[in-house]
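**Q** Sharing a structure below in structure tokens format, with a few things to ask.
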């Protein structure tokens, strides 16, 4: 099927505004009579506040109000930005308060200051004196699960979740196996490092409603949770998302909005701004779960993987947030990569006194796929097989139904990704090149690695899902179209590709679709938000349906006004109503639009408003190839070449798709080689909660990134498309791990694989 607009590299609709500095982010929005909020954060990792001394803080000129937990509602709430679940038994845990006396991590919010200036608020925070009762604290799941460990949340045993899942006869599969491979792997805590820190402004508008302008991925969910927090109808709240400087899942939690609204309420609705510092973002928002794995695989004499047995223990931090869902998604990703008939998983998610772990790009799959791909590479080495061949023999095929999820893979092209990557990456030639290099080089060794994963295009990959999306299209008087969507643009380019979808159906130029720059819960159709690689798949369904509805109305209106061609089958092409049989142009859409607005007898503004509930998902596949050189004297790893080959169905915008894949690869490389948030074992305090000490790579640290796509038309995607934004992050780390192991003969089973860890592994060789 050919497309005119879909599949073309259109310039992002917001490119000029962002490049010229015209784009307004939350902090840029002018606000009369603005006050500033700052939070007092606990300086212990576990315990409770016994008393506050506010006397000196109130003496700071400009201080208007100081809030403690005693001043705020007692309603606990869940911060997780999940789609709402109607069944109370599976709803997210409500374990968070706006402010708390019960301290669960170093940096917990225990008081708030409102002042006429930021400097005054900061000074007042420093002058508040707090008396604590300190309790033992635990930075690892093992410590938190010790028999004598104090509960971080009463009645939990420090367990967020503890589940077992088994299909088939795993024990028999291992008994019958020709080969069994097992190992243990560790993944670390990392932070999202989005450019714009969490920022919110709250104020009371006419009529008594509260408005919250926020850098959030989930404005409609924020609105719902605000109603929950304050025990008020959600109609009393309005949430506005302006331009947003990235999120990567960290803004898929409702973290600062409730306290910002509470501060505005405390000053009778006057506007209050709360902007977190970079140090606060690192320490007190959300991080990626550190997960330890024990992994086993069984392989038949024919080199087929017949069973997977995995045990995971996940560090959830201080509050539930997305909780056990992360570990469960990791389990599922293992089943989706290798459709084995025998699978067993035991996953535990544990509260600790560290920053709360939540959603982060690729959501649980980088951890699980690091462990699984590393073990498969180990097996390939032991079996004297090329790891590409072992993957090729075992990955999910198109048309297969997953034993575990019961989902059919309509368009899976893992084998296509492997074939294309093997050729484009020069895999076989580089194997020979690396072997020749290693024979003569003493202190530097080269190796190749490959890793693969499958990813869903929806939050509920099996069983019916409560996944809504909405779109409203309005035909303007000049024949252009205004598009209003609830799916949030967070910098990834989703508004651009959704506009391309609308233009494709309506037969318009992409430039004729105007997208609202704000997502405003008062006017934007309902949509849970931006997460889970769902935009072009789920929200795309709503856009396509709305465009089809508007097109039908346009063609019907033409027949209403044009009696001569009333019986002619028509279409909408290049901004004109045309004969479907001859292609003859019958009327310009701009002329028809004027008639629909201003005709005395038949005039009617043409709009289409659609809400859909998506109950399907499609799976994309991604493969990363890596070629590295390791300095065995220093432990430093240099990436000589790295390539991601992605099956994401139809590519809507090639240049944006490449940018998404490259961004994911860069984050995956950082995850594998450098980034890690560390804590002081004596105080529980973060040690490197800033961009100086936290080893986030720069452009100088990231190699040239190569991206390629295979494009099978997916039967379920609105234009044959499926997930793209998240999968490329999950495979660089295991591919690099496998390349290091290939180069040196030793496996670094813990990430980040920094020089120290590589040297330690080499010393054990």
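The values are calculated or read from the model by the stated rules, or taken from the named source; none is laboratory data. Quick caveat, the model's predicted, so the values are computed rather than measured. Glycine also receives a Cβ, built like all others from the backbone with ideal geometry; neighbour counts cover every protein chain displayed.
**Q** In the same structural domain as residue 728 (by TED's automatic domain parsing), surrounded by 16 or more Cβ atoms within 10 Å (Cβ to Cβ), in contact with a strand residue (DSSP E or B) (Cβ under 6 Å, 6 or more places away or on another chain) and not in a loop (DSSP other than H, G, I, E, B), is that true of residue 630?
**A** Criteria met by residue 630.
**Q** Could you list, in sequence order, the residues of the range 597-621 that are more than 30 Å from the chain's Cα centre (by Cα) and part of a loop (DSSP other than H, G, I, E, B)?
**A** Scanning the range 597-621 gives 599, 600, 601, 602, 603, 604, 605, 606.
**Q** Something else: Can you tell me which residue among 297, 291 is surrounded by 24 or more Cβ atoms within 10 Å (Cβ to Cβ) and over 20 Å from residue 179 (Cβ atoms)? Full working, then the answer.
**A** Working: 297 fails: over 20 Å from residue 179 (Cβ atoms).
One residue alone meets the criteria, 291.
**Q** Could you tell me which residue of the range 423-444 is surrounded by the most Cβ atoms within 10 Å (Cβ to Cβ), considering only residues that are touching a strand residue (DSSP E or B) at 6+ places or on another chain (Cβ under 8 Å) and in a helix (DSSP H, G or I)? Walk me through it before giving the result.
**A** So in the range 423-444, the residues touching a strand residue (DSSP E or B) at 6+ places or on another chain (Cβ under 8 Å) come out as 424-425, 427, 430-431, 433-434, 437-438, 443-444.
So of that shortlist, the ones also in a helix (DSSP H, G or I) come out as 424, 427, 430-431, 433-434, 437-438.
Values: 424: 13, 427: 19, 430: 18, 431: 17, 433: 15, 434: 21, 437: 16, 438: 18.
Step by step, filter the range 423-444, then rank; the result is 434.
**Q** Go through the range 369-400 and report how many residues are under 30 Å from residue 685 (Cβ atoms) and in contact with a helix residue (DSSP H, G or I) (Cβ under 7 Å, 6 or more places away or on another chain).
**A** The initial filter retains those residues of the range 369-400 that are under 30 Å from residue 685 (Cβ atoms), namely 370-371.
Filter once more, so that each one left must be in contact with a helix residue (DSSP H, G or I) (Cβ under 7 Å, 6 or more places away or on another chain): 370.
Residues that pass the stated criteria total 1.
**Q** Looking at residue 648 and the list (1) more than 28 Å from residue 694 (Cβ to Cβ); (2) surrounded by fewer than 20 Cβ atoms within 10 Å (Cβ to Cβ), which single condition is not satisfied?
**A** Going through the list (1) more than 28 Å from residue 694 (Cβ to Cβ); (2) surrounded by fewer than 20 Cβ atoms within 10 Å (Cβ to Cβ), residue 648 breaks only (2).
**Q** Here are some residues: 303, 268. Which one is part of a loop (DSSP other than H, G, I, E, B) and not assigned by TED's automatic domain parsing to the domain that holds residue 685? So that I can check it myself, show each step before the final result.
**A** Working: 303 fails: not assigned by TED's automatic domain parsing to the domain that holds residue 685.
The conditions single out 268.
**Q** Quick one: in the range 695-729, which of the residues that are touching a strand residue (DSSP E or B) at 6+ places or on another chain (Cβ under 7 Å) and farther than 24 Å from residue 540 by Cα is modelled with the lowest pLDDT?
**A** 703
**Q** Out of 493, 507, report the one residue that is on the phi > 0 side of the Ramachandran plot and surrounded by 24 or more Cβ atoms within 10 Å (Cβ to Cβ).
**A** Values: 507 fails: surrounded by 24 or more Cβ atoms within 10 Å (Cβ to Cβ).
One residue alone meets the criteria, 493.
**Q** Okay, moving on. Do the conditions hold for residue 318, that is, is it crowded, with 24+ Cβ neighbours inside 10 Å and modelled with pLDDT under 95? Step through it out loud before you land on a result.
**A** Numbers: crowded, with 24+ Cβ neighbours inside 10 Å: yes; modelled with pLDDT under 95: no.
So residue 318 does not fit the description; no.
**Q** Hand me the list of strands (runs of 3 or more DSSP E) wholly inside the range 13-87 holding 3 or more residues that are more than 31 Å from the chain's Cα centre (by Cα).
**A** Values: elements: 35-41, 47-53, 63-67.
Strands (runs of 3 or more DSSP E) meeting the threshold: 47-53, 63-67.
**Q** Has the range 275-282 got at least one residue that is modelled with pLDDT of 95 or more, under 30 Å from residue 209 (Cα atoms) and either assigned to a strand (DSSP E or B) or in contact with a helix residue (DSSP H, G or I) (Cβ under 7 Å, 6 or more places away or on another chain) (or both)?
**A** Step one: list which residues in the range 275-282 are modelled with pLDDT of 95 or more, which gives 275-282.
Retained after the next criterion (residues that are under 30 Å from residue 209 (Cα atoms)): 275-277, 280-281.
Next cut, either assigned to a strand (DSSP E or B) or in contact with a helix residue (DSSP H, G or I) (Cβ under 7 Å, 6 or more places away or on another chain) (or both) only: 275.
Scanning the range 275-282, I find at least one residue that is modelled with pLDDT of 95 or more, under 30 Å from residue 209 (Cα atoms) and either assigned to a strand (DSSP E or B) or in contact with a helix residue (DSSP H, G or I) (Cβ under 7 Å, 6 or more places away or on another chain) (or both), so the answer is yes.
**Q** State all residues of the range 572-587 that are under 23 Å from residue 545 (Cα atoms) and either outside any strand (DSSP E or B) or in contact with a strand residue (DSSP E or B) (Cβ under 8 Å, 6 or more places away or on another chain) (or both); if no residue qualifies, say none.
**A** Within the range 572-587, the subset under 23 Å from residue 545 (Cα atoms) is 572-580.
Scanning the range 572-587 gives 572, 574, 575, 576, 577, 578, 579, 580.
**Q** Also, quick follow-up: Which of (1) free of Cβ contacts under 8 Å to residues at least 12 places away in the same chain; (2) in a helix (DSSP H, G or I) is the odd one out, the single condition residue 384 does not satisfy?
**A** Failing condition for residue 384: (2).
**Q** Taking residue 452 and the conditions (1) closer than 24 Å to residue 399 by Cβ; (2) outside any strand (DSSP E or B); (3) touching a helix residue (DSSP H, G or I) at 6+ places or on another chain (Cβ under 8 Å); (4) in contact (Cβ under 8 Å) with a residue 40 or more places away in the chain, which numbered condition does it fall short on, given that it satisfies the others?
**A** (2)
**Q** Continuing with the same structure: Restricting to the range 142-166, what's the tally of residues that are over 30 Å from residue 45 (Cβ atoms) and surrounded by 15 or more Cβ atoms within 10 Å (Cβ to Cβ)? Talk me through it step by step, then tell me what you get.
**A** Narrowing the range 142-166 to residues over 30 Å from residue 45 (Cβ atoms): 164-166.
Still in the list and also surrounded by 15 or more Cβ atoms within 10 Å (Cβ to Cβ): 165.
Adding up the residues that qualify gives 1.
**Q** Step by step: first the residues of the range 556-571, then only those that are surrounded by fewer than 16 Cβ atoms within 10 Å (Cβ to Cβ) and in a loop (DSSP other than H, G, I, E, B), then the one that is nearest to the chain's Cα centre (by Cα). Which residue is that?
**A** Taking the candidates together, the pick is 569.
**Q** Would you confirm whether any residue within the range 434-444 is in contact (Cβ under 8 Å) with a residue 40 or more places away in the chain and within 27 Å of residue 724 (Cα to Cα)?
**A** Checking the range 434-444: not a single residue is in contact (Cβ under 8 Å) with a residue 40 or more places away in the chain and within 27 Å of residue 724 (Cα to Cα).
**Q** So which of 92, 108 ends up being crowded, with 16+ Cβ neighbours inside 10 Å and either modelled with pLDDT under 95 or in the same structural domain as residue 314 (by TED's automatic domain parsing) (or both)?
**A** Numbers: 108 fails: either modelled with pLDDT under 95 or in the same structural domain as residue 314 (by TED's automatic domain parsing) (or both).
Every option except 92 fails the conditions.
**Q** For the range 117-188, which fully contained helices (runs of 4 or more DSSP H) count at least 3 residues that are more than 34 Å from the chain's Cα centre (by Cα) and on the phi < 0 side of the Ramachandran plot? Before the answer, list the steps.
**A** Values: elements: 118-127, 141-144, 170-176.
Ranges flagged: 118-127, 170-176.
**Q** Follow-up question, since we're still on this one. Looking at 405, 354, which is the one that is assigned to a loop (DSSP other than H, G, I, E, B) and out of contact with any strand residue (DSSP E or B) (no Cβ under 8 Å at 6 or more places or on another chain)? Reasoning before the result, please.
**A** Numbers: 354 fails: out of contact with any strand residue (DSSP E or B) (no Cβ under 8 Å at 6 or more places or on another chain).
After applying the criteria, what remains is 405.
**Q** Still on this structure, please answer the following. Taking the criterion of being at pLDDT below 95 and over 24 Å from the mean Cα position of the chain (by Cα), would at least one residue in the range 365-381 satisfy it? Break it down stepwise before answering.
**A** Of the residues in the range 365-381, the ones at pLDDT below 95 are none.
Among the residues of the range 365-381, not one is at pLDDT below 95 and over 24 Å from the mean Cα position of the chain (by Cα), which makes the answer no.
**Q** Turning to a different aspect of this structure: Collect the residues in the range 263-279 that are crowded, with 20+ Cβ neighbours inside 10 Å and within 23 Å of residue 355 (Cα to Cα), keeping them in residue-number order.
**A** Those that are crowded, with 20+ Cβ neighbours inside 10 Å and within 23 Å of residue 355 (Cα to Cα): 274, 275, 276.
**Q** On the basis of being more than 27 Å from the chain's Cα centre (by Cα), assigned to a strand (DSSP E or B), surrounded by fewer than 22 Cβ atoms within 10 Å (Cβ to Cβ) and modelled with pLDDT of 95 or more, does residue 591 make the cut?
**A** Values: more than 27 Å from the chain's Cα centre (by Cα): yes; assigned to a strand (DSSP E or B): no; surrounded by fewer than 22 Cβ atoms within 10 Å (Cβ to Cβ): yes; modelled with pLDDT of 95 or more: yes.
No: the conditions fail for residue 591.
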